[in-house]
1. Convert 25 °C to kelvin, take the viscosity as 0.890 mPa s, use the Kirkwood radius over C-alpha pairs of chain C as Rh, and evaluate the Stokes-Einstein diffusion coefficient in µm²/s, rounded to a whole number.
2. Where the Cα atoms of segment C:80-177 are projected onto their three principal axes, how long is each span, largest first, in whole Å?
3. Karplus couplings for segment D:31-42 from phi (6.51 cos²θ - 1.76 cosθ + 1.60, θ = phi - 60°), rounded to Hz, Gly and Pro as x?
4. For the protein assembly as shown, taking Cα atoms only, what is the radius of gyration to one decimal and the Dmax to the nearest whole Å?
5. Heavy atoms only, probe 1.4 angstrom, no DNA, RNA or ligands counted: give me C:Trp271, C:Trp139, A:Trp191 ranked by accessible area, highest first.
6. In whole Å, what is the distance between the alpha-carbon centres of segment B:95-146 and segment C:290-341?
7. Determine the relative contact order of segment B:3-95: mean sequence separation of Cα pairs under 8 Å and six or more apart, normalised by residue count, in whole percent.
8. I'd like the orientation of helix A:80-95 relative to chain A: the angle between its Cα long axis and the longest Cα principal axis, in ° from 0 to 90, rounded to 10.
Amino acid sequence: MTTKTTREITLPTEPFAVNIGPAHPSTHGVFRMLTTLDGEVILNMEPIFGYLHRGIEKLAEERTYGGCVPLTDRLDYLASMSNNLAYVLAVEKLAGIAVPERAEYIRVIMAELQRIASHLIAVGAFLNDCGAFMTPILYMLREREKILDLFDMVCGQRLTYNYMRVGGVSQDIPEEFAPALKKFLKEMPGWINEYEWLLKENEILLARAKGVGILTREMAINISASGPVLRASGVEWDIRRADPYSIYDRFEFDIPTGKAGDCYDRYRVRVEEMRQSLRILEQALKDLPGGEVRSEVPHLIRPPAGEAYSHIEAPRGELGFYLVSDGSIAPYRFHVRAPTLINLTALNDMMRGWKVADLILIFGSIDICLAEVDR
Amino acid sequence: MTTALSGARIAKQIGKKFPEAVIESGADSLLLKAESLLEVADYLKKTPGLDFAYLNYITAVDYYDYFEVVYQLASIQHNHGLVLKVRCYDRQNPTLPSVVGIWRGADFQEREIYDLLGISFEGHPNLRRIVLWEGFEGYPLRKEFL
Amino acid sequence: MATQFLPPDWPGNFWAHWAVFTVIILVFLLLTVMAFIWFERRAMAIMQSRLGPNRAGPFGIFQPAADALKLLIKEDVVPAAGDKVVHWLAPVVAFVPVMMVFAVVPFQGGALLADLNVGVLYIVAISSLTAVGIFMAGWSSNNKYSLLGAMRQVASVVSYEIPVVLSLIGVILLAGSLSLQQIVQAQEIPFILVQPLGFLLFFCGALAEINRAPFDLTEADSEIVAGFLTEYSGMKFGLLFLAEYGEALAISAIVTTLFLGGWRGPLLPDWLWFLLKVGAVFFFIVWIRTTVPRVRIDQLMALAWKFLFPLALINLLVTAVEILVWPDVSLWLLVPVNFAVMIVLVLLWSKLFKLGWGRVNV
Amino acid sequence: MFEHYGIGIVKGMSVTLRNLFRRPVTTQYPEQRLNPSRRTRGNELIWNQERCTGCGTCAKSCPQGSIDIVTSTKIEENKYRVEKFEVDMGYCIFCGLCVEACPYNAIFLGYAYERARYRRGELVLAKEGLLESAERKPSGYAHPEVAAELPAQSLLLDKDRGRRS
């Protein structure tokens, strides 16, 4: 006996198209999903981008290498430090600039704090998309606020940090930073445990997220997914381990992976990554050496003609910068390998057949930042 | 550390199967003929020992005389990488074969290159503008645009 | 068993009583609803480690009044292709039944508008009328989100009505009357102890019927924007909003009356007991809303038909057998028996049933 | 379904209940004020006319091109005379690159906030409008000597005392 699908046994009805977004509470600002629905069931989904396209790749071609750093802040504004880091690493690779030891440690500390801050938003927004009315995201914003305070202390800004410089960081960390970070590291595990108590075993969340929006291992590799999305599908691929940049080869940490590749696994991977980031932060803070934080770099950098690609493990995946230099003070070509754009490739396959409520859930679990998708 | 495979070594390996495919081999890159891109890509993905199943990114650069499309490949299994390059000399109507059939991750990126540089990819299932609207004149990332 | 309370001795004829009492109840209700809106926002805010409304008046207590004022002076937008008459009527249709429920709720001994001898039946009948108003709102808005929300509402009301009514019958069997007044008088011990399973089922079903979290699919803001409210503005939105909170208040009052012993309690005056209990139930609703995520529509249906409905039937059977076999046994003896039945059944069903269908092949 | 027999939900509800008895972490802004970071890249640029030599490094380093500087061609007392120094704060992204670039410590970012304007034209600040004043204090960004005199930043880490383990 062949099993009939729900579509066959219900009354024949006409599918209808709904534009979910660009102005929808859960589309993270400016994303449009042109969905074809049969009742509540999604028959097809077409993503439409471009509402936040600012032409950053073109803008960068008219700025100096140093002047591009503020631009990278505006790519993934929830993880500006990681963007800064990826960009300066690419320029340093291109121009062959060495970085002082202390600056490397500070960069790692900033990047890991940023990962925690970004994952807090990602997890909070995901749980909010599940319908947990504001509670998880407000708890997580509270902890993110503490990280933002630390960033504010170091670089004077809370969102667009513009902290990394080619050849180091803009300024040394102030003396009150280390005690504050220690205090944060001490209390953060307790807060993470509290989030776990709040929703980890919640039956409704399990029913909603387990087995929903499965991205298989083969598919994840084939669509070039990266970051937590790839790892939740069971691929142990973390650029911090696979291709260590900066000084990541000195730290001990685990790479959390999922099994099924569903929404729940992606949520779990992010939470575990926060714990691993705390581990890295503890080690980095312990070994933080003294010395300079910025090597002598000319004001206008003229890298030799050539090209360089440098990638890092940003909170949302593999963030890379491909720079081509023609020997002048501005990049000839500035390409951003935006992780979230590529992670969205399989969105249609993950969503088809699920319901409208799951659409929001799956979309939330990928954790995108539209500023980076559109650039 | 992801080892960058030597372009020359791979070129030799590919040369046995596709004698005319490689134009030039760099330290970690291969410059391929546009016509043989697909077969070489397929070979690189499926040959044991190479297993380039993961496409890091695709991008294109406008060098005035030609467009260069860059494919960065990686193998998660062996943790090594390779760069493929293809050139396209036609400025009026640049066309290249699409690799979406081999790596689906190329989908949006090829659309983006089509959108911003005007290179059309043959065989792409849904080649439309992605960030700009249909009807936008010119291709912003070309050097003659502004 | 129960003594019939006489209506209080008011001057004038019946219609004068009726008019005065109605006005008092309406004013009281609107004020209570506003107070509860404030209470919910405030309690939820504190649970979410923020402060909530705190500008208008002391502790922001006048915030709902200020909001209502704002809504009154806002432009009323009707969608161009919408059904204007239905769009206008919908808030009224949704709002009136909510107010009507309170006609039979006893605020204290004898203090009720009409001591109907079919009180429970009346409540069940009237309260589900709100769904018609909500469906009208969704339909007339000519908006796909509104329509989705309205369809969800209809689906959930149609299926949840059954377990809700079935779980109420246990209480009616115990009290031997449909009059709320007499049900309260019959509660020597609160029926929540005698009917724990009935309470659980009724509470779940009631939450689904009034669209409160975790069953707030009708206006799931992260999925379908605001559901049937999407196209509403101004005081029409205000009325729908009031209707919703009015429903929450009504459910709190019904739970109090049927399961928590109504106005009965030591020391404090009766009406205060009643309000305290209603407040406690409402706090519980708010507390649930703060904590849990939302279920999906197929899971909502599955919960009604696979979990609540069979359990309600079994509960009814158990209660009926108990009353038949031990008509004269003290209610206290039934408490452990019924708790044991509840625990066994809930554990059994938790293992047995599967929630929802998951992915559909398309 | 109900793998944990509802215990997961009860656990979650215990967390929200615990939070009911904690102090809120929000600040009521106009009444309660927090100290911004000592290095805050706050509103408006502050220019020190005496120190400025008119070299124009700031204008060159500005990625937005919001600094407009015109100087005399002749050097007087080892300086160019600055004829026009105009900053369009509407274009400024507060990246701080000009402050870092200035070789004579003549530019600071502001420590103040609440400097919003009603008209866009008012955001263009010229010479006199850029000087330091009582409501336009300089921040310590890239100037540790200024930072040392500013009050300590208020941190949420220090405020949140409501946690009970």
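1. The diffusion coefficient I find is 114 µm²/s.
2. Projected onto its principal axes, the Cα set of segment C:80-177 covers 52, 27, 16 Å.
3. Going residue by residue, I get 7, 9, 10, 9, 7, x, 4, 5, 9, 4, 9, x Hz, with x marking Gly and Pro.
4. Here Rg and the maximum Cα pair distance are 33.1, 113 Å.
5. Per-residue accessible area, sorted high to low, gives C:Trp139, C:Trp271, A:Trp191.
6. Computed from Cα coordinates, the inter-centre distance equals 61 Å.
7. 26
8. 50
The values are calculated or read from the model by the stated rules, or taken from the named source; none is laboratory data. Please read all numbers here as calculations on a predicted model, not as lab measurements. No Cβ is skipped: glycine too gets one built from the backbone with ideal geometry, and neighbour counts run over all protein chains shown. Heads up: the accessible areas ignore ligands, DNA and RNA and are worked out on the full protein's heavy atoms, side chains in. Shrake-Rupley method; radii C 1.70, N 1.55, O 1.52, S 1.80 Å.
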